[in-house]
Amino acid sequence: MEDILEVGGRRFRSRLMVGTGKYSSYDVMVKALEESGAEVVTVAIRRVNLDRTKESLLDYIDPKRYTILPNTAGCYTAEEAIRTARLAREALDTDLIKLEVIGDEKTLMPDNGALLEAAKVLVKEGFTVLPYTNDDPVVAKKLEDIGCAAVMPLAAPIGSGLGIRNPYNIRIILETVKVPVIVDAGVGTASDAAIAMELGCDGVLMNTGIAGAKDPVKMARAMRLAVEAGRLAYLAGRIPKKLYASASSPVEGIIE
């Protein structure tokens with residue numbers, strides 16, 4: 001059976017979502033998107049030309065091929081995030097929004113109080129909200145209860161490339177909520193993505209890990225394969241960890 005990711009009533013074959021910032025050129029970005037196999041592409045609304053009077057990032061993203069997920073990156077208050085989400089819906093004709101409310105300029109860690117406040121308003125206004133949050137199971141549950149379509153806990157701070165710093169919290173979140181859990185931020189290389197999927201996460205969203213690589217196009221393909229491999233490994237069910245060896249070819253039943 002086909003393994004489908006469903007988020008807010010939308011169905012996707014790929015469990016890798018990718019960002020569009022930090023690329024050296026639009027041409028590199030386009031090739032990386034293709035190699036990633038992603039179907040969802042996130043765009044920072046406050047950093048693109050929406051009126052299209054000049055060259056825009058949006059000119060290089062085929063809306064027939066990709067689902068555009070606008071995000072509220074760069075917003076530091078609930079009011080800013082709500083206003084940006086409304087602008088995205090008007091400009092792009094979509095109810096999807098990746099909700100970010102940053103609490104600290106240096107670490108770019110989320111402001112969970114403001115995040116919850118903004119999420120309540122946007123859900124009531126009919127948005128399909130995918131909130132970027134820290135790896136706090138309590139906050140994740142509150143976001144689900146508000147009506148968010150998924151929760152997106154960070155693996156590590158945005159752009160850090162540190163990988164999953166607290167897999168135990170991610171596991172608790174997976175046990176706590178029923179909506180999709182999509183790891184967002186901190187993925188640095190393919191093994192990080194595979195680990196997230198092996199934990200049971202429903203997807204991974206990344207930008208810097210691909211765009212900041214020496215060869216973004218090759219890294220995009222690596223991330224695609226890692227997400228697929230991690231998902232297959234999770235579905236297959238790994239062997240239990242043991243302290244001592246267990247022979248692959250036992251001697252029981254051999255006649256001497």
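The values are calculated or read from the model by the stated rules, or taken from the named source; none is laboratory data. Remember, predicted model here, so these are calculated numbers, not experimental data. Virtual Cβ from ideal backbone geometry, glycine too; neighbours counted across all protein chains shown. SASA here: full protein model, heavy atoms, side chains in, ligands and nucleic acids out. Shrake-Rupley method; radii C 1.70, N 1.55, O 1.52, S 1.80 Å.
Could you tell me what percent of the DSSP beta bridges with both partners in the range 1-112 are antiparallel, to the nearest 5?
About 30 percent, rounded to the nearest 5.
So between PHE12 and ASN49, what do we pick up on full extension, going 0.36 nm a residue minus the alpha carbon distance?
That works out to 10.6 nm of additional length.
How about the range 69-119: which trypsin sites (Lys or Arg not before Pro) there are in a DSSP loop, with at most 10 other Cβ atoms within 10 Å of their Cβ?
When the trypsin sites (Lys or Arg not before Pro) of the range 69-119 are filtered for loop state and at most 10 Cβ neighbours within 10 Å, LYS106 remain.
Run the numbers on the chain and let me know its relative contact order in percent, using alpha-carbon pairs under 8 Å that are six or more apart.
The value is 18 percent.
What are the GluC sites (Glu not before Pro) within the range 63-153 that DSSP puts in a loop, where the Cβ has at most 12 other Cβ atoms within 10 Å?
GLU105
For the chain, modelled as a GNM with alpha-carbon contacts under 10 angstrom, which of GLY126, GLY186, GLY203 fluctuates the most?
GLY126
Quick one: grab the alpha carbon gyration tensor of the range 126-256, order the square roots of its eigenvalues as a ≥ b ≥ c, and give me rounded if a/c is under 1.5, else prolate or oblate depending on whether a/b is larger than b/c.
Since a/c reaches 1.5 but b/c is at least a/b, the shape of the range 126-256 is classed as oblate.
Percent of accessible area on the chain owned by carbon and sulfur, 1.4 Å probe?
51
Percent antiparallel among DSSP beta bridges with both residues in the chain, to the nearest 5?
Given both bridge residues lie in the chain, the antiparallel proportion sits at roughly 15 percent.
Using a 1.4 angstrom probe and counting only protein chains, how large is the accessible area of THR208 in Å², to 10?
40
By how many degrees, between 0 and 90 and to the nearest 10, does the Cα long axis of helix 26-36 differ from the longest principal axis of the chain?
Tilt relative to the chain: about 40 degrees.
What ranking of LYS214, LYS54, LYS241, LYS31 comes out by heavy-atom accessible area, probe 1.4 Å, highest first?
LYS214, LYS241, LYS54, LYS31
Go through ASP51, ASP184 and list them by solvent-accessible area, largest first, probe radius 1.4 Å.
Per-residue accessible area, sorted high to low, gives ASP51, ASP184.
What value, in deg cm²/dmol to 500, does the helix sum -39500 (n - 2.57) over DSSP H runs of n ≥ 4 give at 222 nm once divided by the residues of the chain?
-11000 deg cm²/dmol
So which lysines pass the test for LYS178, namely a Cα distance under 17 Å, with those fewer than 8 places away in the same chain ruled out?
Hits, sequence-local ones excluded: LYS141, LYS142.
How far, in degrees from 0 to 90, does helix 78-92 lean away from the longest principal axis of the Cα atoms of the chain, to the nearest 10?
Approximately 80 degrees, to the nearest 10.
Given a Förster radius of 25 Å and the C-beta distance between ASP104 and ARG171 as r, what FRET efficiency does 1/(1 + (r/R0)^6) yield to the nearest 0.05?
The formula returns an efficiency of 0.45 here.
Return the FRET efficiency for the residue pair ASP145, TYR244: r is the Cβ-Cβ distance, R0 is 35 Å, and the value is rounded to the nearest 0.05.
Using R0 = 35 Å, I get an efficiency of 0.20.
Taking H as built 1.01 Å from N, whose amide H comes closer than 5 Å to the amide H of THR42, not counting residues under 5 places away?
VAL18, GLY19, THR20, LEU69
When a/c is below 1.5 the answer is rounded, else prolate if a/b is larger than b/c, else oblate, so apply that to the range 1-93 with a ≥ b ≥ c taken from the square roots of the Cα gyration tensor eigenvalues.
Oblate, because a/c is 1.5 or more while a/b does not exceed b/c.
How much accessible area does THR77 have with a 1.4 Å probe, in Å² rounded to the nearest 10?
The accessible area comes out at roughly 50 Å².
Measure nothing fancy, just the Cα-based angle from helix 216-236's long axis to the longest principal axis of the chain, in degrees from 0 to 90, nearest 10.
50
Counting only the heavy atoms of the protein chains, how much of VAL30 is accessible to a 1.4 Å probe, in Å² to the nearest 10?
40
For the range 1-79 and the range 165-206, what is the centre-to-centre distance using only Cα atoms, to the nearest Å?
So the separation of the two Cα centres works out to 20 Å.
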